[in-house]
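Notes for the one structure printed next.
The values are calculated or read from the model by the stated rules, or taken from the named source; none is laboratory data. Small disclaimer: the values here were computed from a predicted structure and weren't measured. Don't worry about glycine lacking a Cβ; one is built from the backbone with ideal geometry, like all the others, and counts go over all protein chains shown.
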Amino acid sequence: MSKTLNDILEKLDSIPTPSFVVSKVMELVAQPGVSASELTEVIEKDPNLTVRVMKLANSAYYGLPQKISTLSHAVMILGFKTVRNLVTSIYMHDAFFTSELKAGISTDKLWWHLIATAIATENISNSVGYINKEEAFLVGMIHDLGKIVIARLFPSYTDAVVQLASASSLTYLQSENKLGIPDHVSVVNHLIEKWGFPHEIQVAVNFHHEPEKVEEENIKDITYISHAADIVANVLNPTASGNYAIPIMNKTVWAYLKLNGSLLLEITRNTREMTKKATEFFKV
């Protein structure tokens, strides 16, 4: 395990970058005053993307009473940030999850973990009254992206991490640390900074394992929710993300979000049921 973080980062140029349309969607949604017609016009430049956004918008997960027949209607009903999340999920799936890995982690299971974590952020946001749940959903969806990036670039690294985690009942991060290799968080943080994700998204992703280290008060909510959501998804299926021990909920997060055993159980059950309705996300 001799490669450094710089060695890994040098190879990230081979990772598919978001297309013009995806990048433009991210840019527009971050701008105040952008119109629904502007966002719709950009997405419609990619007919395949448009069809797939519509398919997700009409999925059982959103449970809309009437079928959405136009992209502009989807933008208005679901909201700009939700549509951005749909676009991002399609890009991520196409770029990283369409072919199986030659490493010790399953693309299907890891994709399930990302979507389940995103769904859990929505449940927790609703439970604690956090209004920016679309941003938390995005964090959940990308928080472990570094795992598959490393697995594609250096499959032997991932094999070693998973083998040690399995043999010693460790979390994926604990195994990375024991092996002394660059961890998945540093890799995904580099990518989302390069791709221009908003600052609060970058911070929440970077500290989802160490939420107590976040100093910016306005970013604590999204980071803490993302941390708790990752725990919930791991309770539902720990090995999906390469963990062979369920990560422990941070005490600061537990107190800050005013969680208790019954509430956490309710959130976990709701997340499990909602993942069953999110089948379209698992085959985007």
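The single condition among (1) touching a His at 6+ places or on another chain (Cβ under 9 Å); (2) on the phi > 0 side of the Ramachandran plot that E210 does not meet is (2). When A245 is tested against (1) farther than 28 Å from A160 by Cα; (2) in contact with a Ser or Thr (Cβ under 6 Å, 6 or more places away or on another chain); (3) surrounded by fewer than 21 Cβ atoms within 10 Å (Cβ to Cβ), just one condition goes unmet, and that condition is (1). Taking residues in the range 203-215 that are within 18 Å of I142 (Cα to Cα) and outside the structural domain of N177 (by TED's automatic domain parsing), and partners anywhere that are among the β-branched types (V, I, T) and at pLDDT 95 or above, not one pair has Cβ atoms closer than 8 Å while being at least 6 places apart or on different chains.
Considering only residues of the range 1-26 that are farther than 28 Å from T279 by Cα and out of contact with any helix residue (DSSP H, G or I) (no Cβ under 9 Å at 6 or more places or on another chain), which is surrounded by the fewest Cβ atoms within 10 Å (Cβ to Cβ)? Applying the filter and picking the extreme gives S2.
Of note, L12 satisfies the criterion of being of a type outside the set (G, A, S) and in contact with a Leu (Cβ under 7 Å, 6 or more places away or on another chain). The condition of being under 18 Å from Y244 (Cβ atoms) and either buried (at least 24 other Cβ atoms within 10 Å of the Cβ) or in contact (Cβ under 8 Å) with a residue 12 or more places away in the chain (or both) holds for only one of L153, L138, L114, L110, that being L110. Restricting attention to the range 61-103, the residues that are of a type in the set (S, T, Y) and in contact (Cβ under 8 Å) with a residue 24 or more places away in the chain add up to 6.
Listed here are the residues, each with its yes/no results for (1) buried (at least 18 other Cβ atoms within 10 Å of the Cβ); (2) of a type outside the set (S, T, N, Q); (3) under 22 Å from N123 (Cβ atoms); (4) at pLDDT 90 or above.
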site: H208; (1), (2), (3), (4): yes, yes, yes, yes
site: V214; (1), (2), (3), (4): yes, yes, yes, yes
site: I219; (1), (2), (3), (4): yes, yes, yes, yes
site: L257; (1), (2), (3), (4): yes, yes, yes, yes
site: N260; (1), (2), (3), (4): no, no, yes, yes
site: T268; (1), (2), (3), (4): no, no, yes, yes
site: T271; (1), (2), (3), (4): yes, no, yes, yes
